[in-house]
Amino acid sequence: MGPTLRGRRVLVTGAARGLGAAAARELAGEGAACILLDSAEDELQGTVRTLELRGAGPFPALLCDLADRQSTLAAAKSAKEASDGDLGCLIHCAGVLRRSPVAEVDDRAWDETLAVNLTAGFLLLRALLPELRAGGGGSVVLTSSRAGVSGFAGESAYCASKFAVEGLAQAAAADLRADRVAVNTITPGARRIKPTGMSEAEEQRIPVSARGWGSAEDLGAAFCALALLPDDRFPEGGPTGRRFEADRVADTVHRRGLPLSEEVWAALAG
């Protein structure tokens with residue numbers, strides 16, 4: 001591709017590992033000035049070092065416990081400062097998945113799952129709206145899942161959070177359409193990636209033959225496509241309030257390049 005996002009400031013949560021790290025790497029390669037947020041300090045610094053090999057930087061790294069409201073609000077304040085008043089895109093990849101039957105879900109697991117997967121995304125969106133509006137509009141990408149449209153045994157808290165993420169995105173998209181702030185959800189799609197919350201060290205201890213999942217690396221291009229919204233080529237700025245599968249969007253970007261046309265976006269939207 002090329003430096004299509006040169007100079008655009010993008011905040012990525014969950015940037016220490018998995019889908020968030022993959023998104024940040026691809027965004028930096030496209031020229032984005034990434035602001036990285038996570039609670040895993042060592043892995044977050046590893047992402048920073050990788051990005052410095054791909055883009056000009058700097059890449060501010062914000063330590064934050066998204067399960068804690070005050071920590072999230074403090075991180076939003078730091079992100080405001082790092083964005084210098086103009087944020088092109090907010091990507092919320094951080095997530096928590098604790099599996100247990102509904103009768104065994106304790107209050108702490110429920111509260112943490114809802115706080116990280118849902119509330120943190122809302123708090124960051126609300127706090128950073130002035131910065132997202134500043135450049136004439138911006139893009140918000142909330143990570144969802146198959147669990148956002150279907151219920152699965154042992155995942156009551158996770159499913160509740162992801163169903164709510166879908167509703168939040170649709171409602172916020174309707175509220176912010178006139179401000180040209182696009183709000184969409186994204187899922188990994190058909191490709192299975194590393195389980196939410198698993199560290200790189202934990203993954204390395206599992207034999208490759210036993211993992212049952214692949215790399216999130218190839219999915220990063222989907223976030224680049226969404227970070228380019230709103231698109232001035234489109235009458236209404238492009239898709240908003242829609243659900244996308246990262247594998248389909250990324251494969252399309254790899255074939256066609258960026259930016260995607262209005263017709264292609266319409267075909268990809270769920």
Can you confirm whether the range 55-68 contains a residue that is charged (D, E, K, R) and outside any loop (DSSP other than H, G, I, E, B)?
no
Can you tell me which residues in the range 13-39 are touching a Lys or Arg at 6+ places or on another chain (Cβ under 7 Å) and over 19 Å from Leu128 (Cβ atoms)?
Gly18, Arg25, Ala28, Gly29, Gly31
What pairs can you find where one residue is in the range 145-157 and open to solvent by 50 Å² or more (accessible area, probe 1.4 Å), the other is hydrophobic (A, V, I, L, M, F, W, C), and their Cβ atoms are less than 7 Å apart, with a gap of 6+ or different chains?
Gly151/Cys159; Phe152/Cys159
Residue check for Ala266: modelled with pLDDT of 95 or more, assigned to a helix (DSSP H, G or I), over 17 Å from the mean Cα position of the chain (by Cα) and surrounded by fewer than 22 Cβ atoms within 10 Å (Cβ to Cβ):
yes
Looking only at the range 89-109, which residues are open to solvent by less than 40 Å² (accessible area, probe 1.4 Å) and either among the basic types (Lys, Arg) or within 13 Å of the chain's Cα centre (by Cα) (or both)?
Cys89, Leu90, Ile91, His92, Cys93, Ala94, Gly95
When you check Phe122 against the structure, is it within 22 Å of Cys224 (Cα to Cα) and aromatic (Phe, Trp, Tyr), yes or no?
yes
Checked the range 132-143 for anything open to solvent by 20 Å² or more (accessible area, probe 1.4 Å) and closer than 13 Å to Val10 by Cα; matches are Gly135
Residue ID - nearest to Thr113 (Cα to Cα), chosen from residues in the range 52-87 that are touching an Asp or Glu at 6+ places or on another chain (Cβ under 7 Å) and polar (S, T, N, Q):
Ser71
Suppose we filter the range 1-51 for residues that are on the phi < 0 side of the Ramachandran plot, in a helix (DSSP H, G or I) and either open to solvent by 10 Å² or more (accessible area, probe 1.4 Å) or among the aliphatic types (A, V, I, L, M) (or both); how many remain?
20
Applying the selection to the range 126-147, what residues are assigned to a helix (DSSP H, G or I) and within 17 Å of the chain's Cα centre (by Cα)?
Arg126, Ala127, Leu129, Leu132, Arg146, Ala147
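Among the candidates Leu260, Leu168, which residue alone is open to solvent by less than 40 Å² (accessible area, probe 1.4 Å), closer than 21 Å to Leu97 by Cα and either in contact with a His (Cβ under 9 Å, 6 or more places away or on another chain) or at pLDDT 95 or above (or both)?
Testing whether each residue is open to solvent by less than 40 Å² (accessible area, probe 1.4 Å), closer than 21 Å to Leu97 by Cα and either in contact with a His (Cβ under 9 Å, 6 or more places away or on another chain) or at pLDDT 95 or above (or both) leaves just Leu168.
Counting only residues that are assigned to a strand (DSSP E or B) and either at positive phi or of a type in the set (A, V, I, L, M) (or both), which one in the range 171-193 is surrounded by the fewest Cβ atoms within 10 Å (Cβ to Cβ)?
The residue in question is Ile193.
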When you go through Arg108, Arg98 one by one, which is the residue that is farther than 30 Å from Asp231 by Cα, assigned to a helix (DSSP H, G or I) and basic (Lys, Arg)?
Arg108
Flag for Leu87 being in contact with a helix residue (DSSP H, G or I) (Cβ under 9 Å, 6 or more places away or on another chain), assigned to a loop (DSSP other than H, G, I, E, B) and under 21 Å from Val183 (Cα atoms)
yes
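The values are calculated or read from the model by the stated rules, or taken from the named source; none is laboratory data. Being a predicted model, the structure only gives us computed values, none of them experimental. Glycine gets a Cβ as well: all are built from the backbone with ideal geometry, and neighbour counts include every protein chain shown. Accessible surface is based on the protein model in full, side chains and every heavy atom, while ligands, DNA and RNA are left aside. Shrake-Rupley method; radii C 1.70, N 1.55, O 1.52, S 1.80 Å.
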